[in-house]
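Only one structure is covered here, and it is reproduced in the block below.
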Amino acid sequence: MIIVIDDLKIIKKKYGEKMSHLCRDLFPIILEKPGELSKIMQNNFNATHYLYDDIINNNLLASFKEFIYAKFDRSRNPVNLEEIDKTPEELLDSVGYKLVECKTEEDIQAFKKYYAPNEELCTFGGGRLNSCRVFFAVKKDVDRIKREDFLNPERQDEYGTSVISIQFTKDGTNTLSIKNRYNHKVINPDATFGNNLDNIVEGLTKSFEKYYGITQLHKSEILEIPGYVRANDGKYYRYNYEMENIYFCPDNVVIDNFKVKLYEKEKYLIFDCFVLDLEKKKIEEAAYLSLHHHSFKSFIDTITEIEKIEIINTDRGKDIHIKTKDGNEIKIGLDKFNRIISYYNKNIKRIGGSFLDYNTTLEEIHLPNANLIEMNFLSSINRPIIIDLPNIQIVGSNFLTNNESVIKLNMPNLKTAGKYFLYKTPYINIKMSNLPFIIKAKFYYNNLKKLQQLKKEEKISRRSTFWRGI
């Protein structure tokens with residue numbers, strides 16, 4: 001019996017109708033060989049219906065087409081190892097770098113001096129040599145390239161690429177990551193040069209293969225999609241957040257140092273950087289993070305003694321309804337990628353430090369009984385947001401310090417605020433009856449003129465659907 005493989009039906013099921021139409025238009029030659037195109041897609045991309053939009057929105061159509069054809073015909077322009085006559089050190093020297101392989105932890109720490117505070121690689125946290133071969137390439141004129149001369153960092157600029165870490169996993173796949181000097185100040189810092197050594201200098205991939213015996217099982221060719229990581233199974237995965245080389249993805253996927261871990265959807269829900277255990281009725285951070293982030297603990301501390309969990313699908317994503325043993329209800333709204341966009345909790349009175357300080361998607365938060373918030377509350381949010389804190393009296397430093405969007409803020413009982421309070425906010429719709437008292441505080445880092453203007457803006461809109469029925 002002859003089995004007919006319909007590539008476009010498979011692609012439609014795995015990646016959506018728009019992607020199947022695109023593949024039909026771009027790859028008529030590959031489609032002449034049944035089974036080939038669907039195999040290439042499934043070997044290189046985790047199944048998701050968002051891949052089409054991410055390729056189109058990032059203007060990657062030409063790169064995507066070239067990537068797929070390169071996979072179809074890997075024999076094009078073959079490189080003979082015998083023709084490679086320069087070591088990685090010699091090739092990198094030709095473009096101004098000095099290459100060093102780190103054999104000990106002390107070797108790695110010697111390069112920490114090149115990184116600005118808060119831009120250090122998690123590699124410096126220790127233990128990386130257990131899972132990776134680690135190299136550093138440093139520009140010979142690195143002392144000339146100053147951080148302060150680059151006010152608007154770009155991953156491929158002179159400073160960002162003046163010190164790079166080239167790392168290969170030790171799991172047999174030799175999965176490559178080229179890490180940028182800016183680290184997380186730029187997009188995809190762990191995929192500098194598109195994780196393609198030949199983008200640094202031609203022939204470098206094969207030179208590492210010949211002289212170091214490092215053959216990449218899944219070579220990063222010419223495709224780089226912002227917000228995607230390539231795991232050691234050769235597939236690209238869309239991710240929401242990255243912490244210490246651990247990627248938290250939609251669809252209950254966590255990628256730990258390029259190793260893929262799938263969580264059963266019947267037992268768990270992965271959202272933001274948290275694991276909700278539906279059987280044990282417990283929320284926790286990913287246990288394999290080497291450093292415990294305060295932002296995780298402070299959020300988890302607001303959700304304890306769970307009695308019942310209900311997950312409801314919505315037009316935007318999901319709503320998690322949690323009933324605690326004392327009868328209170330907590331509501332967490334998620335978008336289609338399982339990122340937190342709304343939060344309601346009348347249970348909690350004190351919010352710990354760095355509460356959701358990594359989160360970039362929150363739109364509304366309602367904490368009716370909270371009276372104290374410690375430092376770094378939502379310090380990464382830079383989007384319009386509604387915040388309802390009717391009983392808050394004290395907030396610590398860095399309260400929404402980086403938000404340059406419109407904020408609707410209800411905190412009529414606020415008495416004390418730390419430095420950098422609403423530091424970058426250009427406009428605030430606010431209700432704050434104790435404002436004269438607050439202005440007398442020592443706001444060394446705030447725009448006092450801006451705060452004084454808030455006296456005229458003490459009305460807050462309550463039209464949002466999030467507030468209804470609360």
Problem - Under 15 Å from the Y211 label point (7 Å along Cα→beta-carbon), backbone N, the stretch 130-159 - result: 135-138
Practice task
Give the long-range amide H neighbours of C102: residues separated by 5 or more places, or on another chain, with amide H under 5 Å away, using H modelled in the peptide plane at 1.01 Å from N.
Solution key: V134, F135, F136
Practice task
Evaluate the distance, in nm, between pseudo-label points positioned 7 Å from the Cα of R383 and of A70 along their respective Cα→Cβ axes.
Solution key: 3.2 nm
Handout entry: Estimated vicinal HN-Hα couplings, Hz - the stretch 60-73 in sequence order (Karplus 6.51, -1.76, 1.60; Gly, Pro = x)
Key = 10, 4, 5, 5, 4, 4, 5, 4, 5, 5, 5, 5, 5, 10
Fill in the blank from the handout: Diffing the stretch 349-363: the Karplus 3J(HN,Hα) column from phi (6.51, -1.76, 1.60, θ = phi - 60°), in whole Hz with x for Gly and Pro, holds 10, 10, 9, x, x, 6, 4, 6, 6, 8, 5, 10, 10, 4, 10
Fill in the blank from the handout: Filtering GluC sites (Glu not before Pro) in the stretch 25-68 by DSSP loop and by at most 16 other Cβ atoms within 10 Å leaves E32
Exercise for the section: Order the peptides 398-410, 138-150, 112-124 from the highest to the lowest mean number of other Cβ atoms within 10 Å of their residues. Expected result: 398-410, 112-124, 138-150
Problem - Centre separation in Å (Cα based) which lies between the stretch 239-274 and the stretch 301-353 - result: 19 Å
Handout entry: Summed residue charge, Cβ within 14 Å of E310's Cβ, Lys/Arg positive, Asp/Glu negative
Key = +2
Practice task
At a Cα cut-off below 12 Å, give the aspartates and glutamates reachable from K331, other chains included and same-chain residues fewer than 8 away excluded.
Solution key: E310, D319, E364
Completion exercise
Residue by residue through the stretch 393-400, the couplings from Karplus 6.51 cos²θ - 1.76 cosθ + 1.60 with θ = phi - 60°, in Hz, x for Gly and Pro, are 10, 9, 10, x, 5, 6, 6, 6
Exercise for the section: Please give the FRET efficiency for D301 paired with E83, using the beta carbon to beta carbon distance and R0 = 60 Å, rounded to the nearest 0.05. Expected result: 0.50
Practice task
Mind ranking 224-237, 92-105, 354-367 by how tightly packed they are, going by the mean number of other C-beta atoms within 10 angstrom, highest first?
Solution key: 354-367, 224-237, 92-105
Completion exercise
Unit-weight point scatterers at every alpha-carbon of the stretch 103-239, Debye formula, q = 0.10, 0.17 1/Å: log10 I(q)/I(0) is -0.32, -0.97
Practice task
Could you work out the local net charge near K18, counting Lys and Arg as +1, Asp and Glu as -1, over the other residues with Cβ closer than 10 Å to its Cβ?
Solution key: -1
Fill in the blank from the handout: Taking alpha-carbon centroids only, the stretch 360-405 lies from the stretch 140-182 a number of Å equal to 34 Å
Handout entry: Gain on full stretching of the segment that runs from I311 to T104 - 0.36 nm per residue minus C-alpha separation
Key = 69.8 nm
Exercise for the section: With a Förster radius of 25 Å, plug the Cβ-Cβ distance of D326 and N391 into 1/(1 + (r/R0)^6) and report the FRET value to the nearest 0.05. Expected result: 0.85
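The numbers here are math on the coordinates, done by the rules we state, and not lab data. The shown structure was predicted, so the numbers you read here are calculated from the model rather than taken from an experiment. Quick reminder, even Gly has a Cβ in these numbers, built from the backbone with ideal geometry, and neighbours come from all protein chains shown.
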